[in-house]
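Contents: one structure, followed by commentary.
The values are calculated or read from the model by the stated rules, or taken from the named source; none is laboratory data. Note that this is a predicted model, so its numbers are computed, not measured. Methodologically, a virtual Cβ is constructed for each residue, glycine included, from the backbone with ideal geometry; neighbour enumeration extends over all protein chains shown.
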Amino acid sequence: MSVIRGRVVGDGDPVWLEDDLIAALEYDDWLDSLCPGCGRPQDECMDPANDGRYTSTEARCFACEAREKAAARRGKQSDDQGGWYFGAREVEGGG
């Protein structure tokens with residue numbers, strides 16, 4: 001992080017400073033705290049007190065759908081959902 005912020009690493013200088021390592025470990029901890037499905041903080045989105053706070057969203061990408069159909073015609077299996085993507089958002093006034 002220090003290099004990104006402009007620190008120049010000289011001959012014999014470490015690339016990673018202690019603060020860089022601490023920041024990387026904190027970032028890793030933060031990533032681990034997020035829900036693997038929706039990306040929201042687990043302590044928020046998995047708290048029973050927030051049941052009903054979210055609603056589902058869905059969107060259709062016609063380009064992905066066309067790609068999936070072409071793959072299917074060629075007998076190719078894909079993890080694509082035929083152009084459909086599902087997510088979640090907070091209900092208005094739910095926070």
Q. If the Cβ limit is 9 Å and pairs must be 6+ apart or interchain, which residue in segment 69-95 that is among the small types (Gly, Ala, Ser) pairs with which residue that is loosely packed, with under 13 Cβ neighbours inside 10 Å and at pLDDT below 75?
A. 71/77; 71/78; 72/78
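Rundown of residues vs (1) in a helix (DSSP H, G or I); (2) not β-branched (Val, Ile, Thr), yes/no style:
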| position | (1), (2) |
| --- | --- |
| 25 | yes, yes |
| 29 | yes, yes |
| 55 | no, no |
| 63 | yes, yes |
| 75 | no, yes |
| 82 | no, yes |
| 92 | no, yes |
Q. How many of the residues making up segment 11-68 are acidic (Asp, Glu) and over 30 Å from residue 86 (Cβ atoms)?
A. 6
Q: Determine whether residue 94 is surrounded by 12 or more Cβ atoms within 10 Å (Cβ to Cβ), modelled with pLDDT under 90 and either among the β-branched types (Val, Ile, Thr) or touching a helix residue (DSSP H, G or I) at 6+ places or on another chain (Cβ under 9 Å) (or both).
A: no
**Q.** Close pairs (8 angstrom Cβ cut-off, 6 or more residues apart or separate chains): in contact (Cβ under 8 Å) with a residue 12 or more places away in the chain in segment 3-14, in a loop (DSSP other than H, G, I, E, B) and not polar (S, T, N, Q) anywhere
**A.** 3/9; 3/15
(Q) Restricting to segment 1-34, name every residue that is under 24 Å from the mean Cα position of the chain (by Cα), at pLDDT 95 or above and hydrophobic (A, V, I, L, M, F, W, C). (A) 21, 22, 23, 24, 25, 30, 31, 34
